[in-house]
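A short worksheet on the structure shown next.
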Amino acid sequence: MNTSAHDFATTGRPRLQGKHALITGAGSGIGSAIAELFAREGADLALLDLTAAPAKAVGDALMKTTGRRMVAVGADVSSATQVDTAIAEAIDALGGLDILINCAGINVFGDPLQTTEQDWRRCLDTNLAGAWHCIRAALPTMLAAGYGHVVNIASVHGHKIIPGAFPYPVAKHGLIGLTRSLGIEYAARGIRVNSISPGLIMTPAAERYFQSCPDPEAERLRQAELLPCKRIGKPEEVAYAALFLASDEARFVNATDLLIDGGRSQIYHD
Ligand code: NAD
């Protein structure tokens, strides 16, 4: 007999058992952490990165430890034709698609008037159009099933502006707009679209940023000190939020964004 007053989805079973998920940018950082957590929670995965090699390395390791099915595909998300081919291959190999995580992204930071046309395009094509290309390729399968969860990895830069980080915040604001827009467009047909806005998270991309500073260790300490919790975030802390949003536990959460920044973006003045 069910004595609970609530219809909780969690029953002690893996939270994504039997689900098929595609994760972009899965070869590194936040994307690879999401891949690991999703595999541990029972999902079969398609891992997409610029080339199949880093995605395959992550997939091979996860297949050994979790026994889940792993498919690795290579595509530049800024190319709609590459995405269409790779996602069709992934859906075919997995036998369906329930979850799409758009994590592929790049830092393009600079002064607005020094930003070249090429950098502007590279930033928006990867960080914004890339997510749209992947959603567009995944939607027909999800709509046919009347079921699908999309999570876009945006950024605190989609909420607040740090001078000198142009045009990255333009793309991330757009990605949050894409999330809200598509979340509404398809809500009545079983599709949810949400985003996560991480603050500073210790990944290879963040490490590259620190290494570009004259004194990487001083910059690391300065960044940690800026955060209310006095530490930089970890990829698995973003992965747990992605797990919730991609699971049926979040079935009434749609067209919204979840900030994961240790509270940093709520501060008006330091
Ligand atoms: P990362 O560089 O460690 O990993 C990004 C992955 O995306 C890499 O494997 C890379 O090859 C892949 N990728 C890049 N461009 C691609 C393209 N055009 N097509 C396919 N794959 C591509 O970076 P990360 O720090 O893990 O960042 C992951 C996401 O999180 C990005 O969207 C980033 O903007 C966002 N984010 C990161 C932080 C942070 O502090 N690390 C904070 C906020 C948001």
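Can you tell me the mean projection area, over all orientations, of the convex hull of the chain's alpha carbons? Units nm², please. Before the final figure, lay out the partial values.
Details: hull surface 64.6 nm².
It is 16.2 nm².
Over all pairs of distinct alpha carbons, what does the Kirkwood formula give as the hydrodynamic radius of segment 102-179, in Å?
Taking the inverse mean of 1/r over all distinct Cα pairs, segment 102-179 comes out at 13.2 Å.
For the pair Ile161 and Asp257, how long in nm is the line joining their label points, each one 7 Å along Cα→Cβ?
1.4
Working from Cα positions, state the angle (0 to 90°, nearest 10) between the long axis of helix 216-226 and the longest principal axis of the chain.
Relative to the chain, helix 216-226 is tipped by roughly 70 degrees.
What relative contact order, as a whole-number percentage, does segment 62-144 give when Cα pairs under 8 Å and 6 or more residues apart are counted?
The value is 39 percent.
Ranking Lys64, Lys172, Lys234 by Cβ neighbours within 10 Å, fewest first, what do you get?
Lys64, Lys234, Lys172
In whole percent, what relative contact order does segment 222-270 give with Cα contacts below 8 Å and a gap of six or more residues?
It comes to 50 percent, rounded to a whole number.
Pick from Ala154, Ala55, Ala188 the residue whose mean-square fluctuation is largest in a GNM of the chain, springs joining Cα atoms under 10 Å.
Ala188
Calculate, in nm to one decimal, what Leu143 and Leu113 gain on full extension: separation in residues at 0.36 nm each, minus their alpha carbon distance.
Details: separation 30, 0.36 × 30 = 10.80 nm, distance 4.25 nm.
Here the answer is 6.5 nm.
For segment 7-88, compute Rh as the Kirkwood radius over C-alpha pairs and then the Stokes-Einstein diffusion coefficient at 25 °C and 0.890 mPa s; write the answer in µm²/s, rounded to an integer.
Answer from the Stokes-Einstein relation: 192 µm²/s.
Got a sec? How would Tyr209, Tyr240 order by Cβ neighbour count within 10 Å, fewest to most?
Tyr240, Tyr209
State the extension gain, in nm to one decimal, for the chain segment bounded by Ala187 and Cys213, taking 0.36 nm per residue of separation less the distance between their alpha-carbons. Please report the intermediate quantities before stating the final value.
Details: separation 26, 0.36 × 26 = 9.36 nm, distance 4.41 nm.
The span from Ala187 to Cys213 would gain 5.0 nm if fully extended.
With only alpha-carbon atoms counted, please give the Rg and Dmax of segment 152-211, in Å.
13.9, 47
Provide the gained length on full extension for the span Thr65 to Ala224, in nm with one decimal, where the gain is 0.36 nm per separating residue minus the Cα-Cα distance.
54.0 nm
Roughly what angle does helix 235-246 make with the longest principal axis of the chain, taking Cα atoms, 0 to 90 degrees, to the nearest 10?
40
Any chance you could give the angle, 0 to 90 degrees and rounded to 10, that helix 52-66 forms with the longest Cα principal axis of the chain?
50
Quick check on the exposure proxy: order Thr66, Thr116, Thr51 from fewest to most C-beta atoms within 10 angstrom.
Thr116, Thr51, Thr66
Write down, largest first, the equivalent ellipsoid semi-axes of segment 171-270 in whole Å, where each equals the square root of 5 times an eigenvalue of the alpha-carbon gyration tensor.
Over the Cα atoms of segment 171-270, the ellipsoid semi-axes are 31, 13, 13 Å.
Over the chain, what relative contact order in percent results from Cα pairs under 8 Å that are six or more residues apart?
Reported relative contact order: 19 percent.
For segment 67-130 and segment 230-250, what is the separation of their C-alpha centers, rounded to whole Å?
20
Size of the dipole of segment 216-268 about the Cα centre, Lys and Arg at +1 and Asp and Glu at -1 on the beta carbon, nothing else charged, in debye to 20? Working shown, then result.
Numbers: 7 positive and 9 negative charges, 38 e Å.
Around 180 debye, computed over segment 216-268.
Let me spell out the model: positive unit charges on the Cβ of Lys and Arg, negative unit charges on the Cβ of Asp and Glu, origin at the Cα centre of the chain. What dipole size does that give, in debye rounded to 20? Numbers along the way, then the final one.
Working: 24 positive and 28 negative charges, 97 e Å.
About 460 debye.
Each reported figure results from applying straightforward, stated rules to the coordinates on display, with no laboratory input. Keep in mind that this is a model prediction, so the values were computed, not measured. So basically every Cβ, Gly included, is an ideal-geometry build from the backbone, and we count neighbours across all protein chains shown.
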